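Beneath this line is the structure, given in structure tokens, with notes to follow.
The values are calculated or read from the model by the stated rules, or taken from the named source; none is laboratory data. Remember, it's a predicted structure, so these values are computed and weren't measured experimentally. Every residue, glycine as well, gets a Cβ built from its backbone with ideal geometry; the counts of neighbours run over all protein chains shown.
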Amino acid sequence: MADFNITDSIDITDVNCPITFVKAKIALEELDDGDILSIKLNDGEPVQNVPKSIKEEGHKVLSLSDNGDGTFELIVQKVGD
Amino acid sequence: MAFTNEQIERYSRHIILKEVGAKGQKKLLNAKVLVIGAGGLGAPVAMYLAAAGIGTIGIADADEVDLSNLQRQIIHQTKDVGKPKVQSAKETMEAMNPDVKVITYHEFITSENILDIIKDYDFIIDGTDNFPAKFLINDACVMAKKPFSHAGIIRFQGQLMTYVPGQGPCYRCVFKEPPPKDAVPTCKQAGVIGAMGGVIGSLQAMEAVKYILGVGDLLTGYLLTYDALKMQFRKVKLPSDTHSCAVCGDNPTITELIDYEQAECDGVGL
């Protein structure tokens with residue numbers, strides 16, 4: 001996995017959709033253009049929906065990696081302010 | 001201000017929207033909206049504003065809840081009959097959403113008090129049932145440079161328009177002055193179908209929310225009319241020339257607020 005200069009990280013493994021995306025969206029809104037957010041999320045519905053919704057908002061998904069324990073790490077770059 | 005987990009969940013369907021987001025929801029929580037009239041229109045407006053998390057809601061009405069109000073004024077319940085409408089409305093809004101601070105004005109809006117009441121608000125809702133109040137609200141909002149939503153309902157018909165200073169005609173541009181007393185029946189005399197307040201009031205709440213968020217096109221420069229029996233909405237373009245208006249025009253002749261005489265049968269909250 002490439003190294004990213006991560007600005008902030010959040011864990012959304014304790015909530016269900018759509019609160020997962022809502023929490024990711026709130027975290028992204030607090031960042032500046034170009035900042036990078038690391039998101040820890042669960043396999044299943046979150047992994048299927050959250051990256052897609054973030055892309056629809058216009059942000060860039062840089063990577064998605066399997067942590068091997070039923071969770072994933074999603075790296076997103078904020079686009080726009 | 002950071003959201004609590006409860007707020008994230010409560011407002012999740014707003015925050016998900018591209019046009020709202022966390023920033024928009026914070027705008028709503030910081031906004032102040034005044035609802036004049038806690039009746040057929042004011043009830044749904046106040047309830048949708050409270051549910052949306054408008055942080056400060058003012059509600060003005062001099063009346064008490066009457067049994068005949070309950071067919072349409074859904075913010076009040078049977079147990080509230082006899083209670084000041086503003087008190088009943090406050091209790092409902094606070095029960096709906098603890099984020100909302102409700103300020104009550106248990107008084108008639110007059111030329112003496114209106115400017116002082118509206119000065120702290122970002123947006124005003126005219127949910128009144130009589131022409132003197134409608135002209136007073138219009139003139140005061142023009143003078144104080146406040147945006148507001150006008151609406152009126154009677155029988156199976158409703159109408160609304162939005163005024164934003166400098167962005168189109170005011171209510172007086174369109175309706176020069178109140179009709180003669182008793183020329184137009186009030187809803188007490190004429191009746192009104194209960195859900196009409198819901199249709200038109202919800203549209204007023206939508207205009208207030210859009211104004212606060214700064215999204216979309218407002219109903220400025222248009223009058224939207226609704227005929228429930230024909231199930232017909234019409235969006236009528238209003239003349240854009242406001243220069244000659246007696247209150248918002250270039251050389252206004254109305255420079256002081258007027259308390260028009262109210263028809264004797266008026267005074268029951270629509």
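When the test is whether a residue is touching a helix residue (DSSP H, G or I) at 6+ places or on another chain (Cβ under 9 Å) and either within 27 Å of B:Lys146 (Cα to Cα) or more than 9 Å from chain A (Cβ to nearest Cβ) (or both), B:Ala2 does not pass it.
Kindly indicate the residue of the range A:55-65 that is among the small types (Gly, Ala, Ser) and under 18 Å from A:Gly34 (Cα atoms) and also nearest to the chain's Cα centre (by Cα) among those meeting that condition. Working first, answer last.
First, pick out the residues of the range A:55-65 that are among the small types (Gly, Ala, Ser): A:58, A:63, A:65.
Keeping just the survivors that are under 18 Å from A:Gly34 (Cα atoms) gives A:58, A:63.
Numbers: A:Gly58: 13, A:Ser63: 9 Å.
Among residues in the range A:55-65 that are among the small types (Gly, Ala, Ser) and under 18 Å from A:Gly34 (Cα atoms), the one nearest to the chain's Cα centre (by Cα) is A:Ser63.
Residue-by-condition table, conditions (1) touching a residue at least 40 places away in the same chain (Cβ under 8 Å); (2) in contact with a Ser or Thr (Cβ under 9 Å, 6 or more places away or on another chain):
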residue	(1), (2)
B:Glu6	no, no
B:Gly24	yes, no
B:Lys32	yes, yes
B:Pro44	yes, yes
B:Ala50	yes, yes
B:Thr56	yes, no
B:Leu70	no, yes
B:Ile75	no, yes
B:Gln87	no, yes
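Rundown of residues vs (1) modelled with pLDDT of 95 or more; (2) in contact with a Lys or Arg (Cβ under 6 Å, 6 or more places away or on another chain); (3) outside any helix (DSSP H, G or I), yes/no style:
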{"position": "B:Ile8", "(1), (2), (3)": "yes, no, no"}
{"position": "B:Arg13", "(1), (2), (3)": "yes, no, no"}
{"position": "B:Leu28", "(1), (2), (3)": "yes, no, no"}
{"position": "B:Leu34", "(1), (2), (3)": "yes, no, yes"}
{"position": "B:Ala38", "(1), (2), (3)": "yes, yes, yes"}
{"position": "B:Met47", "(1), (2), (3)": "yes, no, no"}
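Of all residues in the range B:36-69, exactly one satisfies the criterion of being within 17 Å of B:Lys83 (Cβ to Cβ), β-branched (Val, Ile, Thr) and touching a strand residue (DSSP E or B) at 6+ places or on another chain (Cβ under 7 Å), namely B:Ile59.
Conditions tested, residue by residue: (1) away from chain B (no Cβ under 11 Å); (2) among the hydroxyl-bearing types (Ser, Thr, Tyr); (3) more than 13 Å from the chain's Cα centre (by Cα).
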site: A:Asp11; (1), (2), (3): yes, no, no
site: A:Asn16; (1), (2), (3): no, no, yes
site: A:Leu28; (1), (2), (3): no, no, no
site: A:Leu31; (1), (2), (3): yes, no, no
site: A:Asp35; (1), (2), (3): yes, no, no
site: A:Leu41; (1), (2), (3): yes, no, no
site: A:Ser53; (1), (2), (3): no, yes, no
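Of the numbered criteria (1) within 9 Å of chain A (Cβ to nearest Cβ); (2) within 25 Å of the chain's Cα centre (by Cα); (3) under 20 Å from A:Asp81 (Cβ atoms), the one B:Tyr11 fails is (3).
Just so you know, in the range A:55-68 the residues that are within 14 Å of chain B (Cβ to nearest Cβ) and farther than 28 Å from B:Glu6 by Cβ include one that is surrounded by the most Cβ atoms within 10 Å (Cβ to Cβ), and it is A:Lys55.
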